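Student: Here it is, the structure in full.
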Amino acid sequence: MKIYLCRHGQTILNVAQRWQGQNDSALTEKGVLHAKQQADYLATKKIDVIFSSSLGRAKATALHLRKKFPNAPYLELDVLKEINNGEADGMLIEETKKKWPELIDRINLRDLNHGFPGGESYQDVVERLQLFVKELKEKHADKTIAIFGHAGMNRMLLRILLNLSDEETIALKSPHNTIYEIDLSNSKPELFHITNGERKKGFVYRSEERRVGKECRSRWSPYH
């Protein structure tokens, strides 16, 4: 099985630096460009099935690939929604630092086990994705799949698919303009990222996490 994992294009709330979570926001002009670039790259591949989060920004991004593969089965799933940030959804990131200083590690995406009041932790997202991954492997083992999701959800999906440690999961990122290619057809998974049409081995990493340990560097290639 080969998976092309995409994030939705940039949105208005992304630009405003607000927690988006399970709220929704329209794609910006740049976000539409992200979607078109992803679709143009994937149009050169053989895509058997397309999955999307049921949130509007992911569906709007997936639409451009659906036009390239009008006969490919397409499924919108709630399980692929972004993390629910509870009371923080819609708030400025800087506001949340002042309101919940005790959650600074969560706000800085370095804590997988705590969530905002009324919301999910990243570990909760992992747990809700487990059955999806199991069914993906059972039903689509010989397929090439495109998935359109979200920054946090994508990171947790990569965590499950590649059996990542906490350190590895926290270090990586899922940019708007990047597609992750995960090849699970062999005994040892292979991972590439495609940014602006350029394919390289390994993850894109958060710049502030370049000090991540040797395990992450040795498993998943040089930093981008």
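The values are calculated or read from the model by the stated rules, or taken from the named source; none is laboratory data. Not measured: the values here are computed from a predicted model. When we count neighbours, we look across all protein chains shown, and the Cβ atoms used for this are built from the backbone with ideal geometry, even at glycine. Calculation scope for accessible area: heavy atoms of the full protein, side chains included, ligands and nucleic acids excluded. Shrake-Rupley method; radii C 1.70, N 1.55, O 1.52, S 1.80 Å.
Student: Beyond 17 Å, what share of the Cα-Cα pairs of region 69-171 is found? Please give it as a whole percent. Before the final figure, lay out each step's value.
Tutor: Details: 2949 of 5253 pairs.
Cα-Cα pairs in region 69-171 separated by more than 17 Å: 56 percent.
Student: Magnitude of the Cβ-charge dipole of region 25-82, K/R +1 and D/E -1, about the Cα centre, nearest 20 debye? Intermediate values should be presented prior to the final figure.
Tutor: Values: 10 positive and 6 negative charges, 40 e Å.
Rounded to the nearest 20 debye, it is 200 debye.
Student: By per-residue mean of other Cβ atoms within 10 Å, what is the highest-first order of 183-189, 59-65, 12-18? Walk me through the numbers on the way to the answer.
Tutor: Values: 183-189: 10.6, 59-65: 21.4, 12-18: 15.4.
Top of the packing list down: 59-65, 12-18, 183-189.
Student: Work out the FRET efficiency for LYS200 and GLU87 from their Cβ-Cβ distance, taking R0 = 41 Å, and round it to the nearest 0.05. Could the numbers behind the result be given before it?
Tutor: Values: r = 38 Å, r/R0 = 0.94.
My answer for the efficiency is 0.60.
Student: Quick check: at a probe of 1.4 Å, how many percent of the accessible area of the chain sits on carbon and sulfur atoms? Write down the numbers at each step before the final one.
Tutor: Values: 5010 of 10290 Å².
Result for the chain: 49 percent of the exposed heavy-atom area is carbon or sulfur.
Student: How would ILE145, ILE160 rank on accessible area, largest to smallest, probe 1.4 Å? All intermediate terms of the calculation are to be shown ahead of the outcome.
Tutor: Working: ILE145 0, ILE160 30 Å².
Largest to smallest exposure gives the sequence ILE160, ILE145.
Student: Still on this structure, please answer the following. What FRET efficiency comes out for the pair SER185/LYS30, r = Cβ-Cβ distance, R0 = 30 Å, nearest 0.05?
Tutor: Values: r = 34 Å, r/R0 = 1.13.
My answer for the efficiency is 0.30.
Student: Excluding ARG66 itself, calculate the net charge of residues whose Cβ lies under 12 Å from the Cβ of ARG66, where each Lys or Arg counts +1 and each Asp or Glu counts -1.
Tutor: Charge balance near ARG66 sits at +2.
Student: Which value, in Å³ per residue, describes the convex hull spanned by the Cα atoms of the chain?
Tutor: Numbers: hull volume 25.1 nm³, N = 224.
Cα-based convex hull of the chain, divided per residue, equals 112 Å³.
Student: Cut-off under 21 Å on the C-alpha distance; same-chain residues fewer than 8 positions from LYS46 excluded. Which lysines are left, in chain and number order?
Tutor: LYS2, LYS36, LYS59, LYS67, LYS68, LYS137, LYS139, LYS143, LYS200, LYS201
Student: Let me ask something additional. Be a star and scan region 53-85 for residues whose amide nitrogen sits under 11 Å from the point 7 Å along the Cα-to-Cβ vector of LYS139.
Tutor: 74-77
Student: Additional query: For the chain, what is the percent of antiparallel DSSP beta bridges, rounded to the nearest 5? Display every interim value, and only then the final one.
Tutor: Working: 19 of 33 bridges.
The antiparallel fraction comes to roughly 60 percent.
Student: Further question: For the chain, with only Lys/Arg (+1) and Asp/Glu (-1) charged at the beta-carbon, what is the dipole magnitude about the Cα centre, in debye rounded to 20? List each step's numbers first, then the result.
Tutor: On the way: 36 positive and 30 negative charges, 170 e Å.
For the chain, the charge dipole is close to 820 debye.
Student: So, one more: What value, in deg cm²/dmol to 500, does the helix sum -39500 (n - 2.57) over DSSP H runs of n ≥ 4 give at 222 nm once divided by the residues of the chain? Kindly include the intermediate steps, with their values, before the conclusion.
Tutor: Numbers: 9 runs with 85 residues, N = 224.
Rounded to the nearest 500, the figure is -11000 deg cm²/dmol.
Student: Which residues' amide hydrogens lie under 5 Å from the amide hydrogen of ALA72, considering only partners 5 or more residues apart or on another chain, with H built in the peptide plane?
Tutor: none
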